[in-house]
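All remarks here apply to the structure that follows.
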Amino acid sequence: MAPTAGTDLGYTPPDGGWGWMVVVGAFISMGFSYAFSKAVTVFYKEIQDFFGASYSEIAWISSLLLACMYAGGPVSSILVNRYGSRPVVIAGGLLSGIGMILATFCTSIIQLYICVGVIAGFGFSMNLQPSVIVVGKYFLKKRPMANGLAMAGSPVVLSTLAPLNQFLFDKYGWRGSFLILGALLLNCCVAGALFRPIGLQTKTKKDKPDKDPEKINISLAGQEKNLKPEKKETESCLTKFNKVLDLSLFKHRGFLIYLIGNVLMFIAFYAPIVFLAPYGKHLGVDEYSAAFLLSVLAIVDMIARPATGIIANTKWIRPRIQYFFSFSVIFNGFCHLMCPFATSYVGLVVYSVFFGLGFGMVCSLLFETLMDLVGAKRFSSAVGLVTIVECVPLLLGPPIGGAIVDTFGDYKYMFFECGAIMVFAGLFLLIGNFYNYRMLRKEAELENQELKKDLEMKDGSALKKRDYEQVSSDDKPKNGNEVQAAKCDNEKCEDVNGSGHQC
């Protein structure tokens, strides 16, 4: 089994201390970012009736929100590398709250797309990426556990928001509910304040002017060299961009397998959640009971995420965490394939329990497996590149599911489609990771063989050199007083070693 990517941050993560407060902040920030797109589906039936929209049109709200949340990943990564996680999360909390407040004044479905989907979605991207990155900077040995606890924020917030949204709708309607939700999202600013910077912080002291003329000349020559070429400036810009978004990751075999598998998975990942409450209402379940299905899913998800993180942190699972992730995706897809057979409310509750378990497992391992592949130093770039690619299937997934419901007039075909895609994506990841680990072992064996050959060649050359020196030393006089007998018999001469004695 290939070893996991180690830390290359330049310092040793504390694996505790203030890191647990960072986990609390990430718990809140990621909780709102992930849960909001699911909890807002409680209002979809009423918004659909209010604007006279179809299932596919109303699904575009969640699609745009998720797509902008993921598409803003590279921008968020650049801002994190430039300013740090704390200010980015605070700005994201402000932006998402403003988007929801503006949504209360919308008079068309297009305006909802802009306010909820684009503005709030981009704000969530500024909450999500820094929260994932900063946890990886504070933890190494306990990182799967810390990620699992931080990702548990989504089900906790969802289990609270789903019934709260239904209560707010009954009291204030969907416009008043959006106003209150916008105020709640400002709590992400408080979460961002907990993200204290960590790492090597080198303080530059002002050097006193040196009066040594040689050092002055050297410094002046260095300044002249910096002023001459203009190509170095362009090279430095490219280098800086590559540091922000490391495009060489597209040559990384494990990263490409992860990316392709996740693109397939995200086509069907969120659609079942978007249509879970509407599906319950379609079967004749009342509004509060339909909203409670999301709460059931969230409660199980809440337990599954930290439990999965603890299991993934064990010595048996962590070296095989990519296989564990593949199994989670397959299990999730199998749950969707079984959903159409649940035609009663009890059956929907059972489906929600298993769906919450599978969903929690996938979400808990989603970023941990990526960091396991690329390492902590390249993780920021990897997250940015992954999210911008994944925004396309996230954008298309729920509308495709809504179009299937509009076409057939039944939800079961949408669940069949999502389940089949998830199972296929899980099998692809399973086979791809097996191939990747096998190739890594072969490459490691070839490297070891090459190292052995190099060592043998070096040892052989050293032995030859030693034999040559030994043979040549036998032909030489052992000291300055000894000379060759043949030379003494024929003539008198001076010793070549400069002893001054004559033969």
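In a residue-by-residue description of the stretch 304-319, the property of being open to solvent by less than 30 Å² (accessible area, probe 1.4 Å), closer than 21 Å to LEU394 by Cα and of a type outside the set (Lys, Arg) applies to no position. For the stretch 97-140, filtering for residues that are closer than 21 Å to VAL386 by Cβ and small (Gly, Ala, Ser) leaves 6. Against the conditions (1) modelled with pLDDT of 90 or more; (2) of a type outside the set (D, E, K, R); (3) not in a helix (DSSP H, G or I), TRP316 satisfies every one except (1).
Is the stretch 370-390 home to any residue that is among the aliphatic types (A, V, I, L, M), over 11 Å from the mean Cα position of the chain (by Cα), assigned to a helix (DSSP H, G or I) and surrounded by fewer than 23 Cβ atoms within 10 Å (Cβ to Cβ)?
yes
Condition check ((1) part of a loop (DSSP other than H, G, I, E, B); (2) open to solvent by less than 10 Å² (accessible area, probe 1.4 Å)) across all residues:
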{"position": "ALA35", "(1), (2)": "no, yes"}
{"position": "VAL42", "(1), (2)": "no, yes"}
{"position": "PHE50", "(1), (2)": "no, no"}
{"position": "ALA53", "(1), (2)": "yes, no"}
{"position": "SER63", "(1), (2)": "no, yes"}
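Residues being open to solvent by less than 10 Å² (accessible area, probe 1.4 Å), farther than 19 Å from ALA277 by Cα, in a helix (DSSP H, G or I) and at pLDDT 80 or above are represented in the stretch 76-85 by at least one member. Per the listing LEU194, LEU158, the residue uniquely in contact with a helix residue (DSSP H, G or I) (Cβ under 8 Å, 6 or more places away or on another chain), at pLDDT 80 or above, closer than 29 Å to CYS363 by Cβ and surrounded by 12 or more Cβ atoms within 10 Å (Cβ to Cβ) is LEU194.
Check whether at least one residue in the stretch 167-177 is closer than 30 Å to ILE78 by Cα, out of contact with any Leu (no Cβ under 7 Å at 6 or more places or on another chain) and either modelled with pLDDT under 85 or not aliphatic (A, V, I, L, M) (or both), and report yes or no. Step through it out loud before you land on a result.
As a first pass, look at the stretch 167-177 and keep what is closer than 30 Å to ILE78 by Cα: none.
So far as the stretch 167-177 goes, no, none of its residues is closer than 30 Å to ILE78 by Cα, out of contact with any Leu (no Cβ under 7 Å at 6 or more places or on another chain) and either modelled with pLDDT under 85 or not aliphatic (A, V, I, L, M) (or both).
Annotation note: Cβ proximity below 7 Å between a residue of the stretch 440-457 that is farther than 29 Å from GLY254 by Cα and a residue that is in a helix (DSSP H, G or I) and open to solvent by less than 100 Å² (accessible area, probe 1.4 Å) (sequence gap 6+ or interchain) occurs for no pair.
VAL353 meets all of the listed conditions (1) β-branched (Val, Ile, Thr); (2) open to solvent by less than 20 Å² (accessible area, probe 1.4 Å); (3) within 17 Å of PHE415 (Cβ to Cβ) but one, namely (2).
So that you can scan it fast, the table gives a plain yes or no per residue for (1) over 24 Å from ILE198 (Cα atoms); (2) touching a residue at least 12 places away in the same chain (Cβ under 8 Å):
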residue: SER37; (1), (2): yes, yes
residue: LYS45; (1), (2): yes, yes
residue: ALA67; (1), (2): yes, yes
residue: ALA71; (1), (2): yes, yes
residue: TYR83; (1), (2): no, no
residue: GLY92; (1), (2): no, yes
residue: GLY117; (1), (2): yes, yes
residue: PRO130; (1), (2): no, yes
residue: LYS137; (1), (2): no, yes
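Restricting the search to the stretch 405-442, which residues are among the aromatic types (Phe, Trp, Tyr) and open to solvent by less than 70 Å² (accessible area, probe 1.4 Å)? Steps first, answer last, please.
Narrowing the stretch 405-442 to residues among the aromatic types (Phe, Trp, Tyr): 408, 411, 413, 415-416, 424, 428, 434-435, 437.
Across the stretch 405-442, the qualifying residues are TYR411, PHE415, PHE428, TYR437.
Of all residue pairs spaced 6 or more apart or on separate chains, those with beta-carbon atoms under 7 Å, a first member in the stretch 270-292 that is closer than 14 Å to TYR55 by Cα and a second member that is open to solvent by less than 10 Å² (accessible area, probe 1.4 Å) and not in a helix (DSSP H, G or I) are PHE275/TYR411; TYR279/TYR411; HIS282/TYR411. Residues in the stretch 247-293 that are modelled with pLDDT of 85 or more, small (Gly, Ala, Ser) and open to solvent by 10 Å² or more (accessible area, probe 1.4 Å): GLY284, SER289.
Return yes or no: is ILE119 under 19 Å from PHE266 (Cβ atoms), part of a helix (DSSP H, G or I), at pLDDT 80 or above and hydrophobic (A, V, I, L, M, F, W, C)? First the steps, then the outcome.
Values: under 19 Å from PHE266 (Cβ atoms): no; part of a helix (DSSP H, G or I): yes; at pLDDT 80 or above: yes; hydrophobic (A, V, I, L, M, F, W, C): yes.
When the stated conditions are applied, ILE119 does not pass them.
Quick check: is even one residue across the stretch 338-348 buried (at least 22 other Cβ atoms within 10 Å of the Cβ) and under 30 Å from LEU249 (Cα atoms)? For the stretch 338-348, residues buried (at least 22 other Cβ atoms within 10 Å of the Cβ) and under 30 Å from LEU249 (Cα atoms): absent.
The values are calculated or read from the model by the stated rules, or taken from the named source; none is laboratory data. For clarity, every value in this text was computed on a predicted model and none was experimentally measured. All Cβ positions, glycine included, derive from the backbone under ideal geometry; neighbour counts span all protein chains shown. Each accessible area value is taken on the protein alone, full model and side chains, heavy atoms only, with ligands, DNA and RNA left out. Shrake-Rupley method; radii C 1.70, N 1.55, O 1.52, S 1.80 Å.
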